[in-house]
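Here is the structure we will look at, set down as structure tokens.
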């Protein structure tokens with residue numbers, strides 16, 4: 001069936017459109033708003049994109065299941081716009097808003113695919129999805145409890161509740177809360193959950209940052225200038241996505257002077273100072289100050305040579321990549337390991353120390369710089385696990401999760417989804433072993449993560465739904481992640497709350513008893529499982545042996 | 001209903017009345033959208049939470065290319081949601097609006113809070129929303145929403 005033509009969009013409409021577009025890490029999907037058809041662009045912007053496609057020899061357009069084009073230009077990254085070439089000349093003739101339109105259109109897939117890569121190919125991604133799986137298992141115990149009466153089914157976001165009498169003393173809630181709060185801390189915990197009483201400060205590039213603890217579990221820092229914001233994993237993810245987009249723009253302009261104006265146009269249109277959330281700008285502004293006399297990212301763009309801007313972006317990309325390699329469990333081995341945010345701060349302090357010592361960071365490549373950081377004694381003592389042990393630990397953790405948490409997911413569709421995720425992550429961890437921080441997809445040349453994916457023939461393995469063998473999560477999986485979001489992170493009112501309660505009751509049947517099992521170490525293990533399942537896998541609390549216990553036959 | 005909740009309802013209702021007067025004087029809804037934007041910012045500052053917590057979840061949470069944070073966007077998100085709840089021909093709100101135009105802001109807010117069982121934290125957002133309802137009337141609100149649903153907005 002032919003799609004009706006989409007009206008041409010002005011930049012304001014495009015901004016609204018992209019405001020709704022997002023990558024959904026839990027279900028590995030792009031929102032439908034991400035699929036902006038080429039012909040929705042204004043005439044000037046469309047003309048340029050068409051020339052770019054034909055010049056680069058891109059004769060294929062990727063089409064998703066709705067029959068809409070995925071921006072194909074991003075799949076042909078290795079052709080920059082030659083000075084005086086047709087594309088550059090056309091670009092120069094466009095209005096400012098058309099230029100912004102083109103740049104947004106070209107970089108949008110890079111931005112969102114960076115999130116996809118970060119969630120599937122890094123130890124942080126393993127922590128994310130493993131927590132998500134453990135959270136589902138915890139929900140199997142908690143949901144039947146809270147859904148039992150309308151009074152206990154509160155309509156506020158459970159994730160950020162401080163005190164709740166109806167949940168007090170519930171061991172199922174205590175268990176679920178551990179996982180839920182990890183996600184809440186990643187995206188932004190409430191004020192009450194941020195403990196800044198440590199009063200320890202650190203100076204980074206002339207900025208005073210104070211240490212804080214989120215939910216009494218996760219370490220972070222906050223700036224005195226933004227007392228309600230703390231540095232969080234989402235900021236590191238968004239920084240990488242913006243950095244890749246900016247590096248791609250620099251590449252298009254061959255890192256020539258014209259790139260400066262393009263970047264300014266891009267930032268002014270999509271991430272204007274004061275009107276963007278700090279997740280997109282805080283790290284950029286902080287890191288820009290590593291240059292003396294520079295106070296913000298926009299100043300850096302205005303003053304630094306374009307080659308230097310590219311090197312700076314590469315360095316920042318590398319540091320964020322380094323941060324995401326924190327092992328998924330921080331209590332493994334004999335010493336304590338640090339999480340992504342601390343790793344970022346310690347890595348940045350390492351850069352600052354080197355800058356003070358050497359005046360200029362002379363590096364062969366960002367990968368060699370990061371590999372070199374693994375041998376730094378100070379970083380090791382601070383708990384920054386070197387890359388190879390972290391990858392090894394990630395694989396062990398994946399194996400463990402697949403035989404415990406994942407095996408205990410009673411819903412076949414949800415279990416199968418996690419199976420897909422963990423299989424892909426295992427593949428990437430194995431691919432990366434022995435290569436240190438090197439990764440074509442993680443640290444893409446020119447910032448174009450989508451092009452790097454295709455070059456590596458890994459696009460199908462990453463489960464992109466527009467790829468040939470792309471992954472489409474089952475409807476049941478999509479529904480669960482939507483209900484999860486509503487239940488744990490949103491305010492609800494009216495009929496919506498009761499409807500959600502009914503859906504959760506249907507999804508999570510009551511718990512029934514399991515038979516007792518005597519472990520070899522002498523400890524008796526028992527449990528309760530959803531009535532929809534027969535088996536339960538756990539580890540003996542004393543000796544750690546994996547046990548399989550069965551549901552009582554008469555329950 | 002607790003005393004603190006009553007105080008929030010009273011303040012929200014009073015704000016709705018002031019905004020209604022402003023909307024009638026200006027002849028457009030800009031003042032309400034500005035106020036809604038302000039309430040959203042206040043929510044973010046007082047709670048430390050992102051404003052997305054206020055919106056209905058129609059899908060999994062995602063990482064966005066950029067963030068819009070305009071009062072009008074919130075109004076659009078809530079309008080559809082409220083239509084389902086408030087436009088019933090037998091609802092308390094419909095009865096109240098039928099009685100005439102002498103109702104006070106706090107009374108409308110109370111009816112909405114009770115009907116929808118609103119959490120306290122989001123009641124202040126309903127000041128500008130009630131002002132829009134009081135300015136254009138419930139019939140116009142429900143008709144406009146129905147038009148939007150039919151794609152004629």
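When a footprinting reagent is the concern and you count Cβ atoms within 10 Å, what order do B:34, A:430, A:501, A:247 take, fewest first? If you can, show how the numbers build up before the last one.
Details: B:34 16, A:430 11, A:501 21, A:247 25.
By the 10 Å Cβ count, ascending: A:430, B:34, A:501, A:247.
Hey, got the average number of other protein chain Cβ atoms within 10 angstrom for residues in A:477-488? All intermediate terms of the calculation are to be shown ahead of the outcome.
Values: counts 1, 2, 2, 1, 4, 5, 2, 3, 8, 5, 1, 2.
Partner Cβ neighbours, averaged per residue: 3.
How crowded by other chains is B:42-55, given as the mean number of beta carbons from other chains within 10 Å of each beta carbon? Could the numbers behind the result be given before it?
Values: counts 0, 1, 3, 3, 3, 7, 12, 11, 6, 1, 5, 10, 3, 2.
Shielding by partners across B:42-55 averages 5.
For the range A:206-329, what does the alpha-carbon gyration tensor say about shape, rounded, prolate or oblate, given a ≥ b ≥ c as the root eigenvalues, a/c under 1.5 as rounded, and a/b over b/c as prolate? All intermediate terms of the calculation are to be shown ahead of the outcome.
Numbers: a/c = 2.04, a/b = 1.65, b/c = 1.23.
It is prolate, given that a/c is not under 1.5 and a/b is the larger ratio.
Would the range A:510-555 count as rounded, prolate or oblate if I go by the C-alpha gyration tensor, calling it rounded below 1.5 in a/c and otherwise prolate when a/b exceeds b/c, oblate otherwise?
Working: a/c = 2.77, a/b = 2.11, b/c = 1.31.
Here the range A:510-555 falls in the prolate category.
With everything on Cα atoms, drop me the angle between helix A:475-489 and the longest principal axis of chain A, reported from 0 to 90° to the nearest 10.
Taking the Cα atoms of chain A, the angle to A:475-489 is about 90 degrees.
For residue A:505 and residue B:41, what is the calculated FRET efficiency with R₀ set at 30 Å and r taken between the beta-carbons, to the nearest 0.05? Could the numbers behind the result be given before it?
Details: r = 37 Å, r/R0 = 1.23.
FRET efficiency, residue A:505 to residue B:41: 0.25.
How big is the convex hull of the Cα atoms of the range A:364-454, per residue, in Å³? Kindly include the intermediate steps, with their values, before the conclusion.
Details: hull volume 11.1 nm³, N = 91.
Dividing the Cα hull volume of the range A:364-454 by its residues yields 122 Å³.
Expressed as a whole number of Å, what is the distance separating the alpha-carbon centroids of the range A:497-541 and the range A:162-190?
One Cα centre to the other: 20 Å.
For residue A:537 and residue A:84, what is the calculated FRET efficiency with R₀ set at 56 Å and r taken between the beta-carbons, to the nearest 0.05?
In this case the efficiency is close to 0.30.
What percentage of all Cα-Cα pairs in the protein assembly as shown are separated by more than 35 Å?
Working: 121265 of 250278 pairs.
Here the long-distance tail beyond 35 Å is 48 percent of all Cα pairs in the protein assembly as shown.
Quantify how strongly other chains surround peptide A:490-502 by giving the mean number of their Cβ atoms within 10 Å of each of its Cβ atoms. Walk me through the intermediate numbers first.
On the way: counts 7, 12, 8, 13, 10, 4, 6, 3, 1, 0, 1, 0, 0.
That works out to 5 on average.
Fewest Cβ neighbours within 10 Å first, please rank B:118, B:36 accordingly. List each step's numbers first, then the result.
On the way: B:118 22, B:36 26.
Starting with the residue having the fewest Cβ neighbours, the order is B:118, B:36.
In degrees between 0 and 90, to the nearest 10, how far off the longest principal axis of chain A does helix A:306-323 point, with axes built from Cα atoms?
The angle comes out at about 10 degrees.
Would you list A:290, A:373 from fewest to most Cβ contacts within 10 Å?
Listing A:290, A:373 from fewest to most nearby Cβ atoms yields A:290, A:373.
What angle, in degrees between 0 and 90 and rounded to the nearest 10, separates the Cα long axis of helix A:412-432 from the longest principal axis of the Cα atoms of chain A?
Between helix and principal axis, roughly 50 degrees.
Rule-based calculations on the coordinates, nothing more; no lab input. Owing to the predicted nature of the structure, the values given are computational and were not obtained by experimental measurement. A quick note on method: Cβ atoms are made from the backbone with ideal geometry, for glycine too, and the neighbour counts reach across all protein chains shown.
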